[in-house]
Amino acid sequence: MANFTLRLVTYNIRKGKGASGRSRTAFHGVSQALRDHGADLVLVQEAFHTRDDDHHQSNELADALGLHEYNAPNKRRQDGHHGNTTLSRHRALEVSNFDISTNPIERRGALYVKLDTPSGFVHVINVHLGLNQGQRRRQVRSLADIVDSRVPQNDALVIAGDFNDWNERMDAVVRKRLEVRNAFGDLADAPRTWPAPRPVFKLDRVYVRNLKTRGPELLRGEPWRELSDHLPLAVTLERSKSE
């Protein structure tokens, strides 16, 4: 049987404020650039929703991309909240948001969705991890608990997002503890995603299990380098319909 494919993009959009953090127009550019890329599965971190419901970046992205939208707040503020959003061409059978925060100030979440696809279930976890290594180690243990409780060993799994692993010490821990592989191969060759205008650190990752990957790509240059402080990662996920 023919293989089933999904084009995935993971992207920390910085609440639509652009690379400088001060842009008033970057979010429109984010929507347009993602629409032009034509992804089937988009994992967004730091999507902002205003408190009075008149500006929900998750809804606007879903409308622009023509995808189903699943989101959950991580950080609540006086003017609204921001968190992770997963946008998919395929409907989710289950959606859960897990609070993986390690302190009351730095709020972090893992948004889990179970997608119903022609090749069977695809479990997707959209993550945004903490700023120090101790936090990230605890959060990876939380991710392992989620995977162990939600994902059968033979099902397809994707874990992607902003890992904040600036010192590159967590990749081996993630791969071993979650029994996944880095979709971009050896971390030594992984793309640098932050800061977008002149990237130095490999903060964003895509990990998979029971999926083939092809065409891994760092989306850089125009318009991406001005739309957020992160650059997005894209990769095609492939699975045989008979698996």
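Each residue in segment 140-178 was checked for being closer than 19 Å to Val235 by Cα and open to solvent by 80 Å² or more (accessible area, probe 1.4 Å), and 1 pass. For Ala156, the requirement of being over 24 Å from Arg14 (Cβ atoms) and touching a helix residue (DSSP H, G or I) at 6+ places or on another chain (Cβ under 6 Å) is not met. Beta carbons closer than 7 Å, at least 6 apart along the sequence or on distinct chains, pair a first residue in segment 15-39 that is closer than 21 Å to Thr5 by Cα with a second that is of a type in the set (D, E, K, R) and open to solvent by 20 Å² or more (accessible area, probe 1.4 Å) for Gly38/Arg7; Ala39/Arg7.
Looking only at segment 169-216, residues that are within 19 Å of Asn126 (Cα to Cα), more than 18 Å from the chain's Cα centre (by Cα) and among the acidic types (Asp, Glu) come to 1 in all.
Candidates Arg220, Arg137, Arg198: the one that is closer than 20 Å to Thr10 by Cα, open to solvent by 80 Å² or more (accessible area, probe 1.4 Å), touching a residue at least 12 places away in the same chain (Cβ under 8 Å) and not in a strand (DSSP E or B) is Arg220. Could you go through segment 226-236 and let me know if any residue there is free of Cβ contacts under 8 Å to residues at least 24 places away in the same chain and over 28 Å from Thr117 (Cβ atoms). Looking through segment 226-236, none of the residues is free of Cβ contacts under 8 Å to residues at least 24 places away in the same chain and over 28 Å from Thr117 (Cβ atoms). Taking first residues from segment 152-176 that are under 23 Å from Val44 (Cβ atoms) and partners that are open to solvent by 60 Å² or more (accessible area, probe 1.4 Å) and part of a helix (DSSP H, G or I), the Cβ contacts under 8 Å between residues at least 6 apart in sequence or on separate chains come to Met170/Arg137.
Being crowded, with 19+ Cβ neighbours inside 10 Å and hydrophobic (A, V, I, L, M, F, W, C) is a description that applies to Leu115. Any residue at all in segment 55-62 that's over 28 Å from Glu217 (Cβ atoms) and modelled with pLDDT of 95 or more? No.
The values are calculated or read from the model by the stated rules, or taken from the named source; none is laboratory data. The structure presented is a predicted model; accordingly, all values stated were derived computationally and were not measured. As a convention, Cβ positions derive from the backbone with ideal geometry for all residues, glycine included, and neighbour counts pool all protein chains shown. What goes into the accessible areas is simple: the full protein's heavy atoms, side chains included, and nothing from ligands, DNA or RNA. Shrake-Rupley method; radii C 1.70, N 1.55, O 1.52, S 1.80 Å.
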